[in-house]
Amino acid sequence: MASSSPGDGNERQYRRRREQLVETLRSRGIHDERVLSAIGAVPRHAFVDPALRDRAYADEALPIGLNQTISQPFTVAYQTSLMGVQPDDRILEVGTGSGYQAAVLCELDARVFSIERHEDLLARARRLLDDLGYDVRTRHGDGARGWPAFAPYDGVVVTAAAPEAPDPLLRQLREPSGGKAPDGGILVIPLGGSGGQTMTRITRTGTGPHDYEREEFHSFRFVPLVSEEDDE
Ligand code: SAH
């Protein structure tokens, strides 16, 4: 999808490093081939500060300003795999940050919606996604409230740590429709305090307020989800 990237003459080298990154992710346990090829397609170097481009294809988180980070590629691949994204799925991302995760979701042919609370970060991500030809709807605001106008979602991915799954995000998951999609929408969110979080997948299993199934996976460490009340 991304036919061009802000070129600095090293495109061939970046492509080679990206292929190596995909192999690294495979060896670390990512087996979803669609996710791996999406990672293999997104020019991550364009999403990091030019001074850090050398490290863009190492499997590490990097600073993107305002005390925020672009997630480690392993984490992006892991969260994306847990959602089982299908073409045309409506996916809401909370925490646009650099825009990298949103671009990966676009490569999976999802319809992508993304919310960011830092206006400056959002403006930068917005420009970059446009330049690269990624079609993402973005919004400035508190992602813990979700984005009701475009709900329900097949998947919601939160890229910041929360103590508990925000209710609006649970309510905005698609209800199970029976037939080919027996389960409803899926929320993937790192739950826990600042010391570390457990990646958690919550699947909507019915229409009632308690019809959600929860599964826990590996530990991670994310920047915190900051809600409007925290700012006051
Ligand atoms: N997905 C990003 C990584 C983002 S880091 C990427 O691929 O680069 C987490 C982001 O969540 C930060 O940019 C932070 O500003 C944002 N964030 C934190 N709390 C938020 C909230 N309540 N609503 C929206 N964004 C939030």
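Readers should treat all values here as calculations from the given coordinates under stated rules, not as data from a laboratory. None of the values given here were measured: they were computed from a predicted structure. Cβ coordinates were reconstructed from backbone atoms using ideal geometry, including for glycine residues, and neighbour counts include every protein chain displayed.
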Exposure proxy check: H31, H118, H45, H210 ranked by fewest other beta carbons within 10 Å? H210, H31, H118, H45
May I ask for the distance between the Cα centers of segment 18-69 and segment 154-193, given as a whole number of Å? 25 Å
Given charges at Cβ of Lys, Arg, Asp, Glu: the chain dipole, positive-most of F47, A110, G9: G9
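Please identify the trypsin sites (Lys or Arg not before Pro) of segment 186-225 that satisfy two criteria: DSSP loop assignment and at most 16 other Cβ atoms within 10 Å. Which are they?
Those that pass, being in a loop and sparsely packed, are R221.
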Which GluC sites (Glu not before Pro) does segment 77-171 hold that lie in a coil by DSSP with at most 15 other beta carbons within 10 Å? E164
per DSSP, antiparallel bridges as share of beta bridges in segment 11-225, % nearest 5, sits at 50 percent
Rounded to the nearest 20 debye, dipole of the chain from Cβ charges on Lys, Arg, Asp, Glu: 660 debye
Hz values of 3J(HN,Hα) by residue in segment 201-215 - Karplus curve (6.51, -1.76, 1.60), Gly and Pro given as x: 10, 10, 10, 6, 10, x, 9, x, x, 10, 8, 9, 10, 10, 10
If I build a Gaussian network model for the chain, linking alpha-carbon pairs within less than 10 angstrom, which residue out of G193, G29, G143 has the largest mean-square fluctuation? G29
Please list, in chain and number order, the residues 5+ apart from S114 or on another chain whose amide H is under 5 Å from its amide H, with Hs placed from the backbone. E93, R137, T138, R139
Which of the trypsin sites (Lys or Arg not before Pro) found in segment 1-98 are in a DSSP loop and have at most 11 neighbouring Cβ atoms, other than their own, within 10 Å? none
So how do T24, T138 line up by other beta-carbon neighbours within 10 Å, fewest first? T24, T138
Working only with C-alpha atoms, what are the Rg and Dmax values of the chain, expressed in angstrom? 16.8, 55
Here segment 59-67 yields Karplus 3J(HN,Hα) values (6.51, -1.76, 1.60; θ = phi - 60°; whole Hz; Gly and Pro given as x) of 7, 9, 6, 9, x, 10, x, 6, 6
With only helices counted (DSSP H, runs n ≥ 4, each -39500 (n - 2.57)), the per-residue ellipticity at 222 nm for the chain, to the nearest 500, works out to -8500 deg cm²/dmol
